[in-house]
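Have a look at the structure below, then the notes.
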Amino acid sequence: MLSKSMQEALNNQVKLEAASSHTYLAMASWAEIQPGLDNVAEYFFQQSEEERVHMLKLMRFINERGGFALVPTLEQPVLTFKSLKNMFEDFLKGEQHVSNSINELVDMALREKDFATHNFLQWYVSEQIEEERSARVLNDKLELIGDDKSGLYLFDRDIMSTRQQG
Ligand code: OFO
């Protein structure tokens, strides 16, 4: 059985995963109307789906443990970006924020001796290592590419191969 405080903290994480899904959907849509970024768009459409799965997984766990998973209210995310580089910087920042939040939850589970939740959260810990790594690699590539058009062409062409299913 989840404590009240753990239930609330997990529901906050539900909201964060839903907000990430929303944010990535906005990134996908923006990328889709830019010339030559079709695969970047696809990348974020898939990323958005993945975050929704992260949200659902949490909701099912909360209910399974005797809590009540709440469907969150979401704000409209940022819809447009100054540049591709800017958008990917936001992507990395977002993932770092999620990682910090997961770490807080892990810490709380240990303090409460809630080992079931602690065990459940390990999946998210591994997932975040992977997501942060992908976001960092893509940011590094964009840094190298700068304004080089053929570099950007290759970046878009190859982006899907950097994606791991999770
Ligand atoms: Fe990438 O955020 Fe979910 O866990």
Exercise for review: Can you confirm whether region 70-90 contains a residue that is under 14 Å from the mean Cα position of the chain (by Cα), small (Gly, Ala, Ser) and either surrounded by fewer than 14 Cβ atoms within 10 Å (Cβ to Cβ) or away from the ligand (no atom under 16 Å from the Cβ) (or both)?
Suggested key: no
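Being of a type outside the set (A, V, I, L, M, F, W, C) and within 30 Å of Asp38 (Cβ to Cβ) is true for just one of Asp114, Asp147. Which residue is that? Steps first, please.
Values: Asp114 fails: within 30 Å of Asp38 (Cβ to Cβ).
Testing whether each residue is of a type outside the set (A, V, I, L, M, F, W, C) and within 30 Å of Asp38 (Cβ to Cβ) leaves just Asp147.
Quick check: is even one residue across region 81-98 within 19 Å of Gln7 (Cα to Cα) and in contact with a Lys or Arg (Cβ under 7 Å, 6 or more places away or on another chain)? Let's see the steps before the verdict.
So the first thing to find is which residues in region 81-98 are within 19 Å of Gln7 (Cα to Cα), and the list is 98.
From what's left, in contact with a Lys or Arg (Cβ under 7 Å, 6 or more places away or on another chain): none.
The answer is no, given that none of the residues of region 81-98 is within 19 Å of Gln7 (Cα to Cα) and in contact with a Lys or Arg (Cβ under 7 Å, 6 or more places away or on another chain).
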Practice item. Restrict the check to region 140-148 and report whether at least one residue is more than 20 Å from Glu49 (Cα to Cα), of a type outside the set (S, T, N, Q), in contact with a Gly (Cβ under 8 Å, 6 or more places away or on another chain) and free of Cβ contacts under 8 Å to residues at least 12 places away in the same chain. Key: yes
Review point. Among the residues of region 140-151 satisfying the criterion of being surrounded by 12 or more Cβ atoms within 10 Å (Cβ to Cβ) and either of a type in the set (A, V, I, L, M, F, W, C) or modelled with pLDDT under 95 (or both), which is nearest to Ile129 (Cα to Cα)?
Key: Leu142
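Listed here are the residues, each with its yes/no results for (1) more than 11 Å from the chain's Cα centre (by Cα); (2) surrounded by 17 or more Cβ atoms within 10 Å (Cβ to Cβ); (3) within 14 Å of the ligand (Cβ to nearest atom); (4) modelled with pLDDT under 95.
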| position | (1), (2), (3), (4) |
| --- | --- |
| Lys4 | yes, no, no, no |
| Leu16 | no, yes, yes, no |
| Ala31 | yes, yes, no, no |
| Gln34 | yes, no, no, no |
| Leu37 | yes, yes, no, no |
| Met55 | no, yes, yes, no |
| Met59 | yes, yes, yes, no |
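Any idea which residue in region 39-53 is farthest from the chain's Cα centre (by Cα), counting only those that are among the aromatic types (Phe, Trp, Tyr) and crowded, with 19+ Cβ neighbours inside 10 Å?
Step one: filter region 39-53 for residues among the aromatic types (Phe, Trp, Tyr), giving 43-45.
The next check asks that each one be crowded, with 19+ Cβ neighbours inside 10 Å; those that pass are 43-44.
Working: Tyr43: 12, Phe44: 10 Å.
So, considering only residues that are among the aromatic types (Phe, Trp, Tyr) and crowded, with 19+ Cβ neighbours inside 10 Å, the one farthest from the chain's Cα centre (by Cα) is Tyr43.
May I ask you to verify whether Arg65 is among the basic types (Lys, Arg), surrounded by 15 or more Cβ atoms within 10 Å (Cβ to Cβ) and within 14 Å of the ligand (Cβ to nearest atom)? Spell out how you get there, then give the answer.
Working: among the basic types (Lys, Arg): yes; surrounded by 15 or more Cβ atoms within 10 Å (Cβ to Cβ): yes; within 14 Å of the ligand (Cβ to nearest atom): no.
Considered against the rule, which asks whether it is among the basic types (Lys, Arg), surrounded by 15 or more Cβ atoms within 10 Å (Cβ to Cβ) and within 14 Å of the ligand (Cβ to nearest atom), Arg65 comes out as no.
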Point to revise | Pairs where the first residue, in region 28-55, is closer than 28 Å to Asn12 by Cα and the second is among the acidic types (Asp, Glu) and more than 12 Å from the ligand (Cβ to nearest atom), C-beta under 6 Å, 6+ apart | key: Ala41/Glu32
Exercise for review: Evaluate region 152-164: report whether one residue or more is within 15 Å of the ligand (Cβ to nearest atom), surrounded by fewer than 11 Cβ atoms within 10 Å (Cβ to Cβ) and in contact (Cβ under 8 Å) with a residue 12 or more places away in the chain.
Suggested key: yes
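The values are calculated or read from the model by the stated rules, or taken from the named source; none is laboratory data. On a predicted model such as this, the values are computed, not experimentally measured, just so you know. With ideal geometry, Cβ positions are generated from the backbone for all residues, glycine too; neighbour counts draw on all protein chains shown.
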